[in-house]
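In what follows, a structure is listed as structure tokens, so that the remarks can point back to it.
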There are 2 protein chains.
Amino acid sequence: MKLSWIQGKSQSSTAANLDYYSQKIKEAAQKNPAIIFLPELMTSDYFAIKQDPANFKLALELDSPEIKEFQNLAKQLKIDLMLPFFEKQSSALFFNSTIHINHQGQIVSHYRKMHIPDDPGFNEKYYFSPGDKGFVVTQCQEAKVGLLICWDQWFPEAARITALKGAEILYYPTAIGWDDNEDPSVYKSQVEAWTTIMRAHAIANNVFVVAVNRTGREGHLNFWGHSFVADPFGKILIQNETEESVNHLDIDLAEIESARRVWPFFRDRRVDAYGDITSKWLS
Amino acid sequence: MKLSWIQGKSQSSTAANLDYYSQKIKEAAQKNPAIIFLPELMTSDYFAIKQDPANFKLALELDSPEIKEFQNLAKQLKIDLMLPFFEKQSSALFFNSTIHINHQGQIVSHYRKMHIPDDPGFNEKYYFSPGDKGFVVTQCQEAKVGLLICWDQWFPEAARITALKGAEILYYPTAIGWDDNEDPSVYKSQVEAWTTIMRAHAIANNVFVVAVNRTGREGHLNFWGHSFVADPFGKILIQNETEESVNHLDIDLAEIESARRVWPFFRDRRVDAYGDITSKWLS
């Protein structure tokens, strides 16, 4: 099956971003992928760079005309579309979400980011309520995809539960970048750690990982791209650099079962001894 | 603090192995390390290469004279010694274990491998009962060490619970090798996956990882060495190749807290949503 992903750059306004990603989706669709993956919060600039009440107006409701446009596009192009956006549930609650729009244009799954960061330049706890839908696996035409978002990637628990629910591909739309306020000497090791932890989720669960990052500069953040696909042994099949790009890769889901015959980790999990994982600290 | 580890090669008999590792421990102690780490099942050949009832006689009881020798050695050298061995509890039960002998020669902690593999060349389920002591963190003079063994390294749950119990260093004594019956084209990617998953445990938990593998050929297995130490960002500080060696490294445990300020993952764990991790499968 063919996957496509868009390592995209924000165009400064919601209207411009919607137009930009619509064009990129049409471009990707020319290669007849089964699924098209987009980066985190793709409908706007990465507004969480600072706290500003005015930014809440950037959120979209699930039944907004903007989302409807993408439903029409998925139906027209007959593709499964993974759409990460800033979601307004009501005037009271906002989420960092992904919806899966299937090839008939229907919203079939809806995930709300479970792990919310809050660090200098990434003020997400100000905007987003932590996800209230648990971990979500969605059935595409050709694969089961686990919907996770960015900061979730640092938590093996999220990858594990999503894999237990049957995910064959773990999808991490991301907005991670180098910060001008940090020493450039750490830039390389940050990308390395970010890549390594997701490769490990592929290995531990014998699944594919698709990580799709933003690229381009926004204020003091320089989104680092480096989107990649890893196979069920954690091998990187392809990794972007920092360029804006529409990307394609053929993968073979049968490799999941092959990997599970070589390293049958699920057989040996000590679920009788994992109860402590629901503790915050044990020392 | 200084760590030492011995990437050792089996000497074919228990007597020869005990003598070999005693000599290597004395050699390591000359550099005044705080802790000396040894590889998995270091008291004998890797007998689990096949099923043979005669091999059960290789097991040692906790109060055996052989273990007592190592207690004397740790006391004499004033070091914390991590000793992985084939443990006989009774005629009925055998374990793949590690004990921590402190600088006064006392056995202060005892871990029994929780995850037991069973694959061609690694018939461990035939010999070892799965660990019944849960996950163990032991207090050394200068650090808290999490005791894990080999196959445990593929399970993020084990690393996480051990870290929650306060481990600053996750220690994985290991017996992993290339198998003559496998295609050599996979050798490099096996070492890469093995290294990657443990680096990810360092990253996810902001702790050090010390992996100490056997080296040398035993039958159709060629133990691949590549012992390493990773820092709390998952960066490999040092990695052996396949040589027999006595190794030393100075580490700074303050890097754990620094890493936790940059990437404060523990703050954001969704312990309310992790209950499903105690399931074998959810699909």
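The values are calculated or read from the model by the stated rules, or taken from the named source; none is laboratory data. As the structure is a prediction and not an experimental result, all values here were calculated from the model. Positions of Cβ are backbone-derived with ideal geometry, glycine not excepted, and every protein chain shown enters the neighbour counts. When the accessible area is computed, the model is the full protein with side chains, heavy atoms only, and any ligands, DNA or RNA have been set aside. Shrake-Rupley method; radii C 1.70, N 1.55, O 1.52, S 1.80 Å.
Quick notes on this one:
- Residue in segment B:182-190 that is on the phi < 0 side of the Ramachandran plot, open to solvent by less than 10 Å² (accessible area, probe 1.4 Å) and not polar (S, T, N, Q) present: no
- Filter result for B:Ser258 (among the hydroxyl-bearing types (Ser, Thr, Tyr), over 25 Å from A:Phe265 (Cβ atoms), more than 7 Å from chain A (Cβ to nearest Cβ) and open to solvent by 20 Å² or more (accessible area, probe 1.4 Å)): yes
- The conditions of being within 11 Å of chain A (Cβ to nearest Cβ) and not in a helix (DSSP H, G or I) are met by B:Ala167.
- Apart from one condition, B:Trp194 fits all of (1) touching a Gly at 6+ places or on another chain (Cβ under 9 Å); (2) within 10 Å of chain A (Cβ to nearest Cβ); (3) under 22 Å from B:Met42 (Cβ atoms); the exception is (1).
- Selection within segment B:5-32: residues that are assigned to a loop (DSSP other than H, G, I, E, B) and surrounded by fewer than 23 Cβ atoms within 10 Å (Cβ to Cβ). The member of this set that is modelled with the lowest pLDDT is B:Ser12.
- Just one of the listed residues (A:Ser279, A:Ser258, A:Ser227) is of a type in the set (Ser, Thr, Tyr) and farther than 30 Å from B:Lys125 by Cβ, and it is A:Ser227.
- Close contacts from segment B:2-15, counting a first residue that is without any contact (Cβ under 8 Å) to a residue 60 or more places away in the chain and a second that is assigned to a loop (DSSP other than H, G, I, E, B), with Cβ to Cβ under 8 Å and a gap of 6+ residues or different chains, come to B:Ser12/B:Asp45; B:Ser13/B:Ser44; B:Thr14/B:Thr43; B:Thr14/B:Ser44.
- Counting the residues of segment A:55-98 that are in a helix (DSSP H, G or I) and either farther than 18 Å from A:Ala16 by Cβ or in contact with a Cys (Cβ under 8 Å, 6 or more places away or on another chain) (or both) gives 8.
- Residue match in segment A:41-48 (condition: touching an Asp or Glu at 6+ places or on another chain (Cβ under 6 Å) and either part of a loop (DSSP other than H, G, I, E, B) or β-branched (Val, Ile, Thr) (or both)): yes
- Only listed residue being open to solvent by 40 Å² or more (accessible area, probe 1.4 Å) and in contact with a His (Cβ under 9 Å, 6 or more places away or on another chain), chosen from A:Lys50, A:Lys2: A:Lys2
- Checklist (1) in contact with an Asp or Glu (Cβ under 8 Å, 6 or more places away or on another chain); (2) more than 30 Å from A:Phe135 (Cα to Cα) applied to B:Pro264, failing item: (2)
- Residue match in segment A:95-113 (condition: open to solvent by less than 20 Å² (accessible area, probe 1.4 Å) and within 11 Å of another protein chain (Cβ to nearest Cβ)): yes
- Pairing each residue of segment B:121-141 that is over 27 Å from B:Ile49 (Cβ atoms) and within 12 Å of another protein chain (Cβ to nearest Cβ) with any residue that is in a loop (DSSP other than H, G, I, E, B) and among the small types (Gly, Ala, Ser), provided the two are 6+ apart or on different chains, yields C-beta distances under 9 Å for B:Phe135/B:Ala167; B:Val137/A:Ser283; B:Val137/B:Gly166; B:Val137/B:Ala167; B:Gln139/B:Gly166.
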